[in-house]
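All remarks here apply to the structure that follows.
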Amino acid sequence: MTAKKAEVNLKVTLGPLSLPNPVMVASGTFGYGLEYSSLINISKLGGIVVKGLSIEPRPGNPPPRLVETHGGLINAIGLENVGVDNFVNQKLPLLLKHEVPVIVNIFGNTVEEYSELAKILDGVTGISALEINISCPNVKSGGIVFGTDPKQIQKVVSSVRENTGLPLITKLTPNVTDIGEMAKAAVEAGTDIISAINTVSAMAVDINSRKPKLGNIVGGLSGPAIKPIALKKVWNILNSVEVPVIGIGGISNHEDALEFLLVGARAVQIGTANFIHPKTSVEIIEGIRSFLESNGLKDVNEFIGSLKLDS
Amino acid sequence: MPIFQEKARILKNQRVAQGVWEMRLQAPQIASAAYPGQFAMFRVRDELSPLLRRPFSFSRLNTADGTFDILYKVVGQGTRIMSALSAGDYLDILGPLGRGFRLPPKHAREIWFLAGGIGIAPFFGLLDMLRQHEIGFNITLFYGAATGEELVRCEFFEQNNCTVNICTDDGTCGFHGFITDSVERTCTLTSVPDYFYSCGPHPMQQRVMEWAKCNNLQGQMSMETMMACGVGVCLGCSISKNFFAGEQKIETGYLRVCREGPVFTIGDRT
């Protein structure tokens with residue numbers, strides 16, 4: 001009889017939010033959670049962050065909405081979504097049949113809309129956390145307009161905080177001079193967790209037609225190209241605030257995910273890689289487990305934040 | 001509707017016209033679940049460059065032996081990599097995806113196929129589907145290409161009792177002009193189809209839509225757009241609902257080519 005090998009612990013705790021493992025799927029890259037369910041066992045995920053929701057359904061931006069670049073994808077979707085009521089009544093009940101933490105990303109045009117969304121979702125059973133989107137670069141009002149000004153961040157986050165007891169994640173944009181200042185504002189206003197980064201502002205043009213390649217003219221860059229930027233922004237945030245941080249940006253395999261954990265992110269979200277290889281997130285979880293095992297670690301928390309700075 | 005991810009073995013990969021290649025793949029799960037007009041997302045290599053998968057519609061489905069064919073035009077990095085692959089190589093494929101072709105309504109006998117350039121691809125499978133049906137449809141193919149060298153397998157349609165009208169932009173073969181010019185002339189001078197199917201570049205589809213509206217025609221259009229996911233989550237492939245709206249109607253909002261399409265019904269619902 002061989003002794004059973006002790007399971008590596010992958011559970012992580014982010015303030016009030018506990019996750020079975022540190023690998024979530026990012027908002028806007030996994031729909032409302034079930035689209036990929038015939039390809040992967042979504043119950044294995046650390047969490048699903050659903051597409052950003054507004055109070056009313058939004059049609060989104062005129063096409064073209066996508067441009068592929070070297071190692072990246074520029075999008076200008078414009079937060080097209082079914083609206084919070086349709087999500088709660090039609091999408092969420094199906095998603096809750098799977099045992100996976102559901103995190104709802106919320107978006108408003110005004111501070112009042114953010115607080116209204118928080119109020120509505122606070123009473124809904126089965127939601128693990130809210131992620132406040134103040135970082136979408138592709139809409140005219142709201143979104144990044146709030147996320148680039150510490151005073152606005154405070155207004156939005158505190159209005160949401162006043163209306164929900166759910167764990168609160170604030171998702172920050174990299175398109176600022178000092179992301180640490182933005183994180184401080186969010187923390188002072190009551191966010192429990194920071195997630196970063198959203199897409200990097202970007203543009204693409206066609207020299208033959210002499211037109212922009214996106215209907216919205218500008219968009220946001222995601223994918224492997226932004227990973228080093230994301231890692232540095234996460235590092236900045238970790239050096240500015242005490243709350244747990246979720247790393248997002250170009251993570252495509254378990255080594256990428258481990259880099260974010262190494263600098264101190266308590267969890268990660270996988271975005272664009274889901275489009276290329278839908279099993280990415282599940283494979284990253286297994287990859288992290290194997291890495292920890294082969295390095296003699298029994299708990300992912302031993303690895304988190306273990307970056308060696310003195311040579 | 002289940003989606004499969006398969007490591008598909010390439011059985012053949014050959015040039016069939018100027019800039020156009022045909023690939024046959026062994027992918028039993030996808031081939032047996034697919035129907036004409038649907039598509040699959042191809043990962044052209046196991047690296048992150050190019051980053052995204054490429055969508056290709058099935059040209060023919062061979063359910064019995066678990067294979068399918070695609071036709072593709074070499075236009076960029078992804079298709080260049082594909083054209084260098086050989087029989088025995090493997091490709092990671094996601095499919096079948098989207099809504100494919102539906103049968104015409106019961107009354108329809110005169111069917112027109114409108115194919116522009118590589119938009120000919122799904123018509124091989126559609127013809128297979130219609131020829132299996134008990135009704136003997138009269139099928140006319142309008143097939144346009146930039147030049148005669150780019151035409152693919154016209155004989156397939158001739159052998160399957162279709163009337164074939166070729167159009168080339170440079171006049172090297174058939175009618176000298178756009179396929180939509182030929183369609184509009186034929187439609188005015190002789191008969192009107194009971195139903196049509198079209199697939200081609202966006203400017204062609206815009207003119208097809210105008211022609212269909214003017215003549216109050218019903219049909220199905222297979223649309224082509226840039227895609228990231230192919231399964232309905234990224235919302236990147238959307239097309240304006242207004243594109244398909246009838247005369248004087250203004251509709252707001254968008255449809256996902258990968259989920260509500262790629263084949264959209266025009267005119268009255270069938």
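Here is how the numbers come out for the structure above:
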{"item": "Flag if B:SER198 is outside any loop (DSSP other than H, G, I, E, B), touching a strand residue (DSSP E or B) at 6+ places or on another chain (Cβ under 6 Å), small (Gly, Ala, Ser) and more than 24 Å from B:ARG54 (Cα to Cα)", "result": "no"}
{"item": "Meets criteria (over 28 Å from A:PRO64 (Cα atoms), among the β-branched types (Val, Ile, Thr) and over 20 Å from the mean Cα position of the chain (by Cα)) for A:THR191", "result": "no"}
{"item": "Any hit, region B:87-103, residues being surrounded by fewer than 20 Cβ atoms within 10 Å (Cβ to Cβ) and within 14 Å of chain A (Cβ to nearest Cβ)", "result": "yes"}
{"item": "Residue within region B:166-181 that is crowded, with 21+ Cβ neighbours inside 10 Å, in contact with a strand residue (DSSP E or B) (Cβ under 9 Å, 6 or more places away or on another chain), away from every other protein chain (no Cβ under 14 Å) and assigned to a strand (DSSP E or B) present", "result": "yes"}
{"item": "Residue in region B:203-223 that is among the β-branched types (Val, Ile, Thr), in contact (Cβ under 8 Å) with a residue 40 or more places away in the chain and either within 11 Å of another protein chain (Cβ to nearest Cβ) or in a loop (DSSP other than H, G, I, E, B) (or both) present", "result": "no"}
{"item": "When residues of region A:41-60 are limited to those that are within 13 Å of another protein chain (Cβ to nearest Cβ) and not in a loop (DSSP other than H, G, I, E, B), the one nearest to B:PRO2 (Cα to Cα)", "result": "A:ILE42"}
{"item": "Qualifying positions in region A:196-224 - buried (at least 19 other Cβ atoms within 10 Å of the Cβ), touching a Ser or Thr at 6+ places or on another chain (Cβ under 7 Å) and either within 14 Å of chain B (Cβ to nearest Cβ) or over 24 Å from B:LEU52 (Cβ atoms) (or both)", "result": "A:THR199, A:GLY220, A:LEU221, A:SER222, A:GLY223, A:PRO224"}
{"item": "Members of region A:67-112 that are within 13 Å of chain B (Cβ to nearest Cβ), in contact (Cβ under 8 Å) with a residue 24 or more places away in the chain and assigned to a strand (DSSP E or B)", "result": "A:VAL67, A:THR69, A:GLY72, A:LEU73, A:ILE74, A:ASN75, A:ASN81"}
{"item": "Strands (runs of 3 or more DSSP E) wholly inside region A:159-247 that include at least 1 residues being more than 27 Å from A:PRO101 (Cα to Cα)", "result": "A:200-203, A:218-222"}
{"item": "Options B:PHE58, B:PHE39; residue that is within 27 Å of B:PRO201 (Cα to Cα), touching a Pro at 6+ places or on another chain (Cβ under 6 Å) and in contact (Cβ under 8 Å) with a residue 24 or more places away in the chain", "result": "B:PHE39"}
{"item": "Residue satisfying all of: in region A:232-242; among the aliphatic types (A, V, I, L, M) and farther than 14 Å from A:ILE304 by Cα; surrounded by the most Cβ atoms within 10 Å (Cβ to Cβ) among these", "result": "A:ILE237"}
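Listed here are the residues, each with its yes/no results for (1) outside any loop (DSSP other than H, G, I, E, B); (2) at the interface with chain B (Cβ under 9 Å from one of its Cβ atoms); (3) of a type in the set (Lys, Arg).
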| residue | (1), (2), (3) |
| --- | --- |
| A:MET24 | yes, no, no |
| A:SER27 | no, no, no |
| A:LEU39 | no, yes, no |
| A:PRO62 | no, yes, no |
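No lab work stands behind these numbers, since they all come straight from the coordinates. Here the structure is a predicted model, which is why all the values come from computation and not from measurement. Note that each Cβ is placed from the backbone with ideal geometry, even for glycine, and that neighbours are counted across all protein chains shown.
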